[in-house]
């Protein structure tokens with residue numbers, strides 16, 4: 001469809017409220033089972049309906065609205081499901097009827113190439129780009145050789161503003177690990193007031209991706225890990241390395257003032273939190289917040305997320321949020337304030 005034709009359609013259509021009993025969730029391909037288990041934990045009234053790599057839908061006994069609360073921390077995008085669209089022209093007609101104020105077109109698998117240009121050309125009459133608070137966002141989820149999936153969500157605190165739940169971060173080529181992107185995504189997601197002159201401690205720091213990201217922002221960073229920090233990380237001003245196991249870390253080893261705690265250690269979440277609990281009396285007086293990377297070594301761990309959140313809150317945090325961030329793999333980010 002020509003863009004001008006789409007504009008004419010938008011001008012003459014009478015918007016209707018889209019009614020559906022289905023919710024959709026996009027996720028990292030391979031984590032569909034985690035999404036299902038998490039929905040069973042958080043939204044037991046929903047029943048699994050349909051699944052493709054990176055997409056899961058659920059049927060509800062009641063109407064699902066675009067502002068439906070997310071049913072899984074593993075959902076990159078969550079909303080009301082409209083269903084499949086066979087081609088871009090069909091998507092134009094369907095979306096013209098729901099009054100969307102913004103359209104997000106993205107690949108179902110963000111790491112796999114797919115041709116988005118035909119969908120973007122056909123839907124060019126719709127506003128695009130990062131969603132603003134309150135926007136009614138139409139999601140067009142594209143996969144190779146399959147119909148696109150359409151959905152609606154209302155932009156709010158629980159939804160990331162960029163298409164597909166992406167958080168744009170600038171990762172330099174010299175970054176030694178994915179942890180660089182993970183900490184920047186966590187900061188952006190929760191708008192953490194991390195600033196130059198503050199002090200951070202990271203448990204499980206090697207090879208130093210997060211240490212580098214924070215040191216480049218002017219923080220003093222203490223990395224705790226028996227593994228080595230990359231040479232380019234060690235060379236940064238304000239970086240300290242404690243080459244000891246977390247189980248051997250003593251209160252006396254820590255700086256007198258700590259603003260931020262990062263935990264990204266390769267241990268089961270319960271074990272990692274046990275070690276953190278031992279250190280909290282020393283850290284709590286000055287701590288502004290913490291960023292935990294909880295390892296998903298077993299998918300059954302999903303059923304324990306609520307208990308882990310309660311345990312972290314028990315450290316003295318009043319705001320505990322969990323989310324599978326774009327750079328996470330088999331792990332969950334938990335930010336505690």
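Values in this text are rule-based calculations from the coordinates and carry no lab data. In this text the structure is predicted, and so the values were computed from the model without any measurement. Backbone-built Cβ (ideal geometry, glycine too); neighbour counts: all protein chains shown.
Using only Cα atoms, tell me the angle between helix 179-190 and the longest principal axis of the chain; keep it within 0 to 90° and round to the nearest 10. Helix 179-190 sits roughly 70 degrees off the main axis of the chain. Averaging the Cα positions of each part gives two centres, and for segment 285-315 and segment 147-179 these lie 22 Å apart.
Taking only the C-alpha atoms of the chain, the Rg (one decimal) and the largest Cα-Cα distance, Dmax (whole number), read 21.8, 71 Å.
What is the angle, in °, between the Cα long axis of helix 3-12 and the longest principal axis of the Cα atoms in the chain? Nearest 10 is fine, range 0 to 90. Taking Cα atoms only, the helix is inclined about 70 degrees. Note on residue 48 and residue 235: the extension gain reaches 62.2 nm, defined as 0.36 nm multiplied by sequence separation minus the Cα-Cα distance.
For segment 179-336, the relative contact order is 21 percent, taking Cα pairs closer than 8 Å that sit 6 or more residues apart in sequence and dividing their mean separation by the residue count. Annotation: the antiparallel percentage among DSSP beta bridges lying fully within the chain is about 60.
With contacts taken as Cα pairs under 8 Å and at least 6 residues apart, segment 3-165 reaches a relative contact order of 26 percent. Put in line by how crowded their Cβ is, counting other Cβ atoms within 10 Å and starting with the fewest, 104, 241 read 241, 104. When all alpha-carbon pairs of segment 274-328 are counted, what percent fall beyond 12 Å? Tail fraction, whole percent: 71. Taking the Cβ-Cβ separation of residue 171 and residue 132 as r and a Förster radius of 30 Å, what is the calculated FRET efficiency to the nearest 0.05? With a Förster radius of 30 Å, E is 0.70. For the chain, the longest principal axis of the Cα atoms and the long axis of helix 32-42 meet at an angle of about 80 degrees.
Anisotropy class assigned to segment 179-336 is rounded, per the alpha carbon gyration tensor with a/c under the 1.5 cut-off. Just to confirm my numbers, what's the Cα centroid distance between segment 81-123 and segment 190-229 in Å? Cα centroid to Cα centroid, the span is 39 Å. Working from Cα pairs under 8 Å separated by at least six residues, relative contact order for the chain is 13 percent.
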